[in-house]
Structures are given as structure tokens and as C-alpha cells.
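Engineer: Sending over a structure as C-alpha cells; questions will come in a sec.
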Amino acid sequence: MATDSSQSEVVPLRALNQPSKIAEQVEAGATLIVTRNGRPIMGIVPIERLDEPVHQFRTDPMGDLDIPDLDLPPVTDEEIGATLRGMGGGLDD
């Protein structure tokens, strides 16, 4: 596993069974991406880098969205809320 602070190292969840080894790597500057069944589920970063995002994929803005005009009447936030509340729960139940 890498200890270069410029790279993220991918480790399986079972690697957390060795907390001392994980702590040594992170203390040395490694950022770890923990996976379960090959899917990233969390990141472990050195405390001084806690506010930095940990991403394995592009996070730059996609640019302006091209939303088509469907020529429909305007809908208020209250109408949207009422519709969502009538869809089986979740909001303001």
C-alpha cells in the first residue's frame, strides 16, 4: 500500500482488521479509499487533510445544463410539495 500523500490507495474493507497498519499508512500521509465488494464506501485521510475532498472520479463542474422548454405552465414550490407529499410519504408525513 502506498504512503505517498499525492495518491489515494484503494484498500478492501477487511484491511481495517489491522488498525495499526492502517494508522501507520495514514500517519505517513496516505489517503485510503475503502471498498466493499469493489465499490468505494469511505475515505480515510490524515487529519491535516480532513477538509480536502477525496474522490476517485472527476468532480469539476459539468458546465451549463441544457434544460428544454416544454412550454408548460409555471408551478409553485407549494404545488410541488403537495404533489410530493401525495406520493407515498417521506416529506412532512
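The values are calculated or read from the model by the stated rules, or taken from the named source; none is laboratory data. Predicted, not measured: the structure shown is a model, and the values here were computed from it. Neighbour counts run over all protein chains shown; Cβ positions are idealised from the backbone, glycine included.
Engineer: Restricted to the stretch 4-33, and to residues that are surrounded by 14 or more Cβ atoms within 10 Å (Cβ to Cβ) and among the hydroxyl-bearing types (Ser, Thr, Tyr), which residue is modelled with the highest pLDDT?
Structural biologist: 31
Engineer: While we're on this one: Looking at the stretch 55-70, is at least one residue surrounded by 10 or more Cβ atoms within 10 Å (Cβ to Cβ) and modelled with pLDDT under 75?
Structural biologist: yes
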